[in-house]
Amino acid sequence: MLLQPNPNSVSGRIPFAKSNLDEYNPSEFVAFDASRPRGPTDEAASLSVLSVDMRVTENKKDHNTHKYVNSNLIVRRNKEFTIIIKFNRDFNEQQDNVELEFLIGSSPAANRGTYIILPIGKEKPEVRWKSRVVETQGNYVTVGVTPDASCIIGRFRIFVVVVSDLGKQRTARNTDTDVYVLFNPWDPADQVYIPRGSDRQEYVMNDVGIIYNGEFNNFTSRSWNFGQFEEGVLDACLFVLDSGKVPLVFRGSATKVVRQASALMNANDDDGVLVGNWSDDFSDGTSPTAWTGSPEILLKYAKEGGVPVCFAQCWVFAGVLNTLMRCLGIPTRVITNFCSAHDNTGKLNTDIVLDEFGRFDRSRTKDSIWNFHCWNEVYMKRPDLPEKFSGWQVIDSTPQETSDGLYRCGPTSVNAIKEGELSYPFDARFVFSELNGDVIYHRSDNQGKLKAIYVDTAYIGNLILTKKRGSSVYEDITSTYKYPEKTVKEREVWQNAERSGMPARDYLPLTEAGVTIELQAGAVKMGDNFKLTLKIKNQTSQTCTINATITGCVAFYTGVTSMTFKLENKSATVEASKTQSLTVDVNASEYTPYLMEKGNLLFVVYGHIEETDMSLSTMKVVTLQPPKLTIKMMSGTPQVGKFLMISVDFQNPYNFILKNVQLRLDGPGLIPTTIKNYSQILPGGSVKYIVSMVPRTPGKKVLMASLDCALLRQVTNQLEIEIY
């Protein structure tokens, strides 16, 4: 009796923790047509499969998947790949009936796109995948297979089936012939097609990136290992979808995949990949500032069976989500929005409260403005929206607000945000407010009643950066999100936004004071004394006397303040149409006792003009720069297969001991993530870590290093090496 496998019981497994995709069990075969009398075995029935060659090397090169460190075939949608089937005798295309089966998931079904049957060389109208006989040479048959442009992405199991009058004879389960099907940004028929080759190289194939942080007029950067091609990462990314129970039928739509992924990256609702932590205590995990890349995080999550990894903040969420998207074939980049609004009171403006003396009131200021906030953009067509809203879409996995019951955000069309068209899915109003909200300063009277005294319409979202394509410098993309301040187009956008449900800006306009205050400070190293400059510009036709109150607080990058360390009053008389500067001395002894890992100082200034009884206000964040690591090549040849010696040096410049210090090195194509621990580094003391490596692949490589401890965060550096 010939046996036929039951397609509803065939399944596969990724090589990590136990999932719902169990291995195929031969005992699950069911009898095929057992009641039919059997006659002599004819020629068709005697045909059998001896081997299947997936032509992994050739196909991967054709499909731009050659960089994946994975022994299986990896292909992209709507592009043909070829396999060679060896039979026990010559193949007769006219007489022999052979099918290919592609199955995915634990319960494959033809009507759900999870069970694909392709007769070799014959059309099957109800199946959108295509197959053809490319070449026949005796008992070797080369078959071309083209997955549908909108098929499910993931790991398919393949069987070759010989069909005869006696039934179906199917090849045994062989994990070596499993094939991964990914999105295809090279093909115009795919939803994620991106036209320029340089964009595909940067946003799909580049496995190292740069993430910007700090403050808008003194920003810094750190390299990040996306590592989407590293061994095990593709399986780990698919495990994230499986662990999050993303339905297989969703996985053909890039829109649905990225929306689900933005939720699965955080652990808030669904035991997603990363646990967010904005406290002082990271003792139960790894500090967000210590990570150097995504592979370590994704592999840990998969290896431990879906236990969320501790800990992350916005750039870590964005970095790992970037890896997940690029690994699956979706063009993606990390975006940094400087002065990003995060409203905690349900309104779409940010309220800063001053007390009756003009001092910043920490207890009554509930809203926060993040020095920077990182999210991602993915490039895709949006068939659910008007055509003009395709292109770059915002997705954000940092858990800030819920969307349809889960902590996620997007995909939101960048073009729709720019035009104020906020009625389209998903989460456009929230993203718009992060970029365009107003800062309203309120002053309390002696009865505690608040009065709006000043509105700053330009502070929020004043700089938006990403890594420039094909370069290691930044690209300013602010103009892709918003029109210049106080232009006709900007006013039209706000009118569109209000028609889309945004609250009216009924607090505008407040009477202009005619005087502005700008706060200035150069690059400040952590532990240094520095001067804060108040640049006062009188644009009126009369002399003005300004009394200024300066409040200095230690703050997180999220704008949440922890301690007031500075209060000072200054006065200046500025003639009409003139500018005058005042300076405030800030001593390290004032802020260092409260600093810990926060690394940011927030200064808020309230100014009162005696002659007109008018008020103005402004604020500035000073990001304290940590000491740098030194990375250099000591010896060796930067060549594939040759040893390189690299040294990483650090000296403690402070008068306090650094305890439980962790040094992390990372570099795709160079070394796996390597961690070195130091119990302490004494004041003035130094450490030198020497590591050897053997580069695996040629091209420009980046070695990243991060030094981290409770008293010192964000100590990073990188070394670019051209490997031959």
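Annotations for the structure displayed:
- Those residues of the stretch 265-312 which are out of contact with any strand residue (DSSP E or B) (no Cβ under 8 Å at 6 or more places or on another chain) and touching a residue at least 40 places away in the same chain (Cβ under 8 Å), in sequence order: TRP278, ASP280, LEU298, LEU299, ALA302, LYS303, GLU304, GLY305, GLY306
- For GLU590, the conditions (1) of a type in the set (Asp, Glu); (2) in contact with a Ser or Thr (Cβ under 8 Å, 6 or more places away or on another chain); (3) not in a strand (DSSP E or B) all hold with the exception of (2).
Conditions tested, residue by residue: (1) without any contact (Cβ under 8 Å) to a residue 12 or more places away in the chain; (2) surrounded by fewer than 22 Cβ atoms within 10 Å (Cβ to Cβ); (3) within 22 Å of the chain's Cα centre (by Cα); (4) under 22 Å from GLU401 (Cα atoms).
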site	(1), (2), (3), (4)
PHE360	no, no, no, no
SER363	yes, yes, no, no
LYS366	no, yes, no, yes
TRP375	no, no, yes, yes
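- Among the residues here, CYS339 does not qualify as part of a strand (DSSP E or B), more than 13 Å from the chain's Cα centre (by Cα) and surrounded by fewer than 24 Cβ atoms within 10 Å (Cβ to Cβ).
Listed here are the residues, each with its yes/no results for (1) over 25 Å from PHE311 (Cα atoms); (2) in contact with a Cys (Cβ under 6 Å, 6 or more places away or on another chain); (3) open to solvent by 20 Å² or more (accessible area, probe 1.4 Å).
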site: PRO653; (1), (2), (3): yes, no, yes
site: PRO672; (1), (2), (3): no, no, yes
site: ALA705; (1), (2), (3): no, no, no
site: THR716; (1), (2), (3): no, no, no
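- Tally of residues being out of contact with any helix residue (DSSP H, G or I) (no Cβ under 6 Å at 6 or more places or on another chain) and open to solvent by less than 20 Å² (accessible area, probe 1.4 Å) across the stretch 295-327: 10
- Filter result (of a type in the set (Asp, Glu), under 18 Å from GLN539 (Cα atoms) and in contact with a Lys or Arg (Cβ under 8 Å, 6 or more places away or on another chain)) within the stretch 488-525: GLU518
- Residue count for the stretch 294-317, restricted to those that are among the acidic types (Asp, Glu) and either part of a helix (DSSP H, G or I) or closer than 24 Å to ARG333 by Cβ (or both): 1
- Looking only at the stretch 135-185, residues that are touching a strand residue (DSSP E or B) at 6+ places or on another chain (Cβ under 6 Å), over 20 Å from ASP96 (Cα atoms) and among the polar types (S, T, N, Q) come to 3 in all.
- With respect to (1) hydrophobic (A, V, I, L, M, F, W, C); (2) assigned to a loop (DSSP other than H, G, I, E, B); (3) in contact (Cβ under 8 Å) with a residue 24 or more places away in the chain, the lone exception for ALA504 is condition (3).
- When the stretch 467-486 is filtered for residues that are farther than 30 Å from GLU202 by Cα and either open to solvent by less than 40 Å² (accessible area, probe 1.4 Å) or over 29 Å from the mean Cα position of the chain (by Cα) (or both), only LYS486 remains.
- Which listed residue is at pLDDT 95 or above, open to solvent by 20 Å² or more (accessible area, probe 1.4 Å) and among the hydroxyl-bearing types (Ser, Thr, Tyr), from SER581, SER562, SER635: SER581
- Qualifying position, being at pLDDT 95 or above, surrounded by fewer than 18 Cβ atoms within 10 Å (Cβ to Cβ) and of a type in the set (Phe, Trp, Tyr), among TYR140, TYR115, TYR68: TYR140
Yes/no per residue for (1) among the small types (Gly, Ala, Ser); (2) assigned to a loop (DSSP other than H, G, I, E, B):
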position	(1), (2)
GLN639	no, yes
MET645	no, no
ASP649	no, no
ASN655	no, yes
ASP666	no, no
ILE690	no, no
VAL702	no, no
ALA705	yes, no
ARG713	no, no
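- Which numbered condition LYS489 misses (of (1) assigned to a loop (DSSP other than H, G, I, E, B); (2) open to solvent by 70 Å² or more (accessible area, probe 1.4 Å)): (1)
- Options LYS381, LYS451; residue that is surrounded by fewer than 24 Cβ atoms within 10 Å (Cβ to Cβ) and either acidic (Asp, Glu) or free of Cβ contacts under 8 Å to residues at least 24 places away in the same chain (or both): LYS451
- Residue check, SER413 open to solvent by 10 Å² or more (accessible area, probe 1.4 Å) and modelled with pLDDT of 95 or more: no
- Candidates ILE464, ILE417: the one that is of a type in the set (Val, Ile, Thr) and under 30 Å from VAL586 (Cβ atoms) is ILE464.
- Residue check, GLY470 under 21 Å from LEU602 (Cβ atoms) and touching a residue at least 12 places away in the same chain (Cβ under 8 Å): no
- Among the residues of the stretch 333-389, those that are in contact with a Lys or Arg (Cβ under 6 Å, 6 or more places away or on another chain) and over 20 Å from PHE317 (Cβ atoms) comprise THR345, VAL353, LEU354, PHE389.
- Which numbered condition GLU356 fails, given (1) in a loop (DSSP other than H, G, I, E, B); (2) crowded, with 19+ Cβ neighbours inside 10 Å: (2)
- Sole residue being under 21 Å from the mean Cα position of the chain (by Cα), touching a residue at least 24 places away in the same chain (Cβ under 8 Å), in a strand (DSSP E or B) and more than 25 Å from GLU356 (Cβ to Cβ), chosen from ILE417, ILE464: ILE464
- Residue match in the stretch 99-112 (condition: farther than 25 Å from ASN72 by Cβ and either surrounded by 15 or more Cβ atoms within 10 Å (Cβ to Cβ) or in contact with a Pro (Cβ under 9 Å, 6 or more places away or on another chain) (or both)): no
- Screening LYS700, LYS659 for residues that are open to solvent by 50 Å² or more (accessible area, probe 1.4 Å) and under 30 Å from the mean Cα position of the chain (by Cα) leaves exactly one candidate, LYS700.
The values are calculated or read from the model by the stated rules, or taken from the named source; none is laboratory data. As the structure is a computational prediction, the values presented were derived from the model and not from experiment. Glycine also receives a Cβ, built like all others from the backbone with ideal geometry; neighbour counts cover every protein chain displayed. Note: accessible area is taken over every heavy atom of the protein model, side chains too, but ligands, DNA and RNA are not part of it. Shrake-Rupley method; radii C 1.70, N 1.55, O 1.52, S 1.80 Å.
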